[in-house]
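Below is one structure, written out as structure tokens, with a few remarks after it.
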Amino acid sequence: MNNIAANIAAIKSQLPEEVTLVAVSKTKPVSDLLLAYEAGQRAFGENKVQEMTEKAQQLPDDIQWHMIGHLQTNKVKYIAPFVHLIHSVDSLKLLREIDKEGKKNGRVIACLLQMHIASEESKFGMDFNELKELLESREFVEMHNISINGLMGMASFTDDESKVREEFRELSNMFHTVKSHYFRFNSAFRELSMGMSGDYGIAVEEGSTMIRTGSSIFGGR
Ligand SMILES: *Cc1c(COP(=O)(O)O)cnc(C)c1O
């Protein structure tokens, strides 16, 4: 077994069966993705539109492409025909564009709303009030070519495990609150995307349904 296949097997052996492993392949060559593919991996995460579209053209059609990085409105059109799940939706403006491109492509595009849970400053991710405002906007209710499938978040970059756990727990609580208030009868709203190479064990303990690991599969970047 090559390293990549072995790493995937090792991570999977620690994951509950219902947790999805998204292999974050950003900056890695197509040959590395192919090794993961041959080991049975189908969900791949990229953070740049151009890199994702170029790789998608060179790799098998049954790969599920996950956009995990900040997405600019003017680039949505390039991934709208094929993207499987956009994890990084953090504004009504972006959602509006995804809905528009979904319509053009005859698709309902699955999205996660990215929440800001880390203590570090970041331009990305919403707080709870922004999330509420989005979900309660008249415009949101009228979008038919997007599906909100859950929430995504990133914990602080720190060795302090209790802090990371606290942040994941906060996101998990938010997920359950949002589910019960806005998506109780919507079975599509069920994903909680949290956990990376350094913290996915804690994330899974705190209720993650989808982890995004790169370096623990493909090595450092
Ligand atoms: C790069 C990245 C990951 C994967 O990080 P690793 O530490 O390599 O596992 C996960 N999520 C997002 C949003 C990323 O940008």
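The values are calculated or read from the model by the stated rules, or taken from the named source; none is laboratory data. Small disclaimer: the values here were computed from a predicted structure and weren't measured. So basically every Cβ, Gly included, is an ideal-geometry build from the backbone, and we count neighbours across all protein chains shown. Surface areas here come from the heavy atoms of the whole protein model, side chains and all, with no ligands, DNA or RNA. Shrake-Rupley method; radii C 1.70, N 1.55, O 1.52, S 1.80 Å.
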Below 14 angstrom from the Cβ of LYS12, what's the summed charge of the other residues (Lys, Arg +1; Asp, Glu -1)? -1
With label points set 7 Å from each Cα along the Cα-to-Cβ direction at SER147 and ASN74, the distance between them in nm comes to 3.2 nm
Count the net charge of all other residues whose Cβ sits under 13 Å from the Cβ of LYS48, scoring Lys and Arg as +1 and Asp and Glu as -1. +2
Note, ³J(HN,Hα) from phi for the stretch 141-153, Karplus 6.51, -1.76, 1.60, rounded to Hz, x at Gly and Pro: 4, 8, 8, 10, 10, 10, 10, 8, 9, x, 10, 9, x
If you take the alpha carbon radius of gyration of the chain and divide it by 2.2 N^0.38 Å, what ratio comes out, to two decimals? 0.98
Search the structure for amide H atoms under 5 Å from the amide H of SER119, placed 1.01 Å from N in the peptide plane, and list their residues when 5 or more places away or on another chain. SER156
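Taking only the alpha-carbon atoms of the stretch 63-158, what semi-axes of the equivalent ellipsoid follow from 5 times the gyration tensor eigenvalues under a square root, in whole Å, largest first?
22, 16, 10
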Calculate the spin-label point distance for GLU121 paired with ARG221, positioning each point 7 Å from the Cα along the beta-carbon direction, and give it in nanometres. 2.3 nm
Quick one: what are the phi-derived ³J(HN,Hα) couplings along the stretch 187-197, Karplus 6.51/-1.76/1.60 with θ = phi - 60°, whole Hz, x for glycine and proline? 6, 5, 7, 8, 9, 10, 8, 8, x, 10, 3
Pull up all non-local amide H partners of SER88: gap of 5 or more, or a different chain, and H-to-H distance under 5 Å with H placed in the peptide plane. LEU112
What distance in nm separates the simple spin-label points at PHE185 and SER156, each placed 7 Å from Cα in the Cβ direction? 4.2 nm
With a 1.4 angstrom probe the carbon and sulfur portion of accessible area for the chain, in percent, totals 47 percent
Return the calculated 222 nm mean residue ellipticity for the chain, to the nearest 500 deg cm²/dmol, obtained by summing -39500 (n - 2.57) across DSSP H runs with n ≥ 4 and dividing by the residue count. -12000 deg cm²/dmol
Debye intensity ratio in log₁₀ form over the Cα atoms of the stretch 143-221, taken at each q of 0.18 Å⁻¹: -0.74
List every residue whose amide H lies under 5 Å from the amide H of ALA43, counting only residues 5 or more places away in sequence or on a different chain, with H placed 1.01 Å from N in the peptide plane. ALA23, GLN64
Using a 1.4 Å probe on heavy atoms of the protein chains only, the accessible area for LYS163 in Å², nearest 10, reads 60 Å²
Nearby lysines by direct alpha-carbon distance to LYS75 (threshold 28 angstrom, same-chain neighbours under 8 apart not counted): LYS26, LYS28, LYS48, LYS55, LYS93, LYS100, LYS103, LYS104, LYS123, LYS132
